[in-house]
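The structure appears below as structure tokens.
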Amino acid sequence: MNVNRTGSPLALLILIAVISPGGHAAGFDNSFETVRPYSPLNKDEGFHFLVREGITGGGDGISNITFEDGSKREVSAGGITQIGMGTRYQAGFLSLALSVNYHYDYDHYNNDDASFRRVPLEAIAYIEVPGNVRLGGGMRYSYSARATSTINGVSEKINFKNTRGSVVEIGYHVRPYGWVDLRYVKETYEVESYTSSATTPPAQAPTTPYNGSHVGIFVTFEN
């Protein structure tokens, strides 16, 4: 008897759900929207906190690490991971984002390692267009850029001058709280100083500027 009394209400609920799915689904959606509304394409006016991460590629090679099978891994002036945080101010379909970022490329094998690191500050203005799309452009100022390596027991370090570059982006709004952006950055790194632990260092330190221009794909989350 207890089994029958327990099963009857359950069967009744299932029957009601089958007969009128539209009404229940609409009610659930309305309740969910009240608790956690989806963002419109043009988000609320004012400031929004953002965090972003991306993968980049391009630029001149700085160091090479050779693996046991003979293959090489190049650390470049345009790679390979960038993370950052900042704020974006929304005013209608226009907005301005300011962020501080950490951009680095690194690899190692046995006792060899190489890296290139810099801290870019970015200011990008956006215009949102139909289709959940935004177009952006702005400036990027990279400082504390340095390349270090220890290869075959020889350590080298290159410090670069602070540099200013340009950024263009196209992004797609992934509702409710994110963007996926494809970007291109144009920048050049000039050598400021060079040191080496080699007993016979190169006759001339590297002076040719490194092309740090690159493309990247980024994911941005906002509150």
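What follows draws every value from the coordinates through simple rules; no lab data is involved. This one's a predicted model, so the numbers in the text were calculated from it and none came from an experiment. Here the Cβ positions follow ideal geometry from the backbone for every residue, glycine too, while neighbour counts run over all protein chains shown.
Just for the stretch 72-118: of the residues that are surrounded by fewer than 19 Cβ atoms within 10 Å (Cβ to Cβ) and among the basic types (K, R), which one is farthest from V133 (Cα to Cα)?
Selected residue: K72.
Which residue out of V119, V100 is in contact with a Phe, Trp or Tyr (Cβ under 6 Å, 6 or more places away or on another chain) and more than 30 Å from T199 (Cβ to Cβ)?
Of V119, V100, the one residue that is in contact with a Phe, Trp or Tyr (Cβ under 6 Å, 6 or more places away or on another chain) and more than 30 Å from T199 (Cβ to Cβ) is V119.
Among the residues of the stretch 100-122, is any touching a strand residue (DSSP E or B) at 6+ places or on another chain (Cβ under 9 Å), among the basic types (K, R) and farther than 26 Å from T207 by Cα?
No, the stretch 100-122 contains no residue that is touching a strand residue (DSSP E or B) at 6+ places or on another chain (Cβ under 9 Å), among the basic types (K, R) and farther than 26 Å from T207 by Cα.
Within the stretch 104-223, considering only strands (runs of 3 or more DSSP E) that don't extend past its boundaries, which have at least 1 residues that are among the hydroxyl-bearing types (S, T, Y) and at positive phi?
Of the strands (runs of 3 or more DSSP E) lying wholly inside the stretch 104-223, those with at least 1 residues that are among the hydroxyl-bearing types (S, T, Y) and at positive phi span 133-151.
Return the total of residues in the stretch 119-157 being exposed (fewer than 13 other Cβ atoms within 10 Å of the Cβ) and more than 23 Å from I83 (Cα to Cα).
Residues meeting the conditions: 5.
Any residue at all in the stretch 60-74 that's closer than 30 Å to P206 by Cβ and under 20 Å from the mean Cα position of the chain (by Cα)?
Checked the stretch 60-74: no residue is closer than 30 Å to P206 by Cβ and under 20 Å from the mean Cα position of the chain (by Cα).
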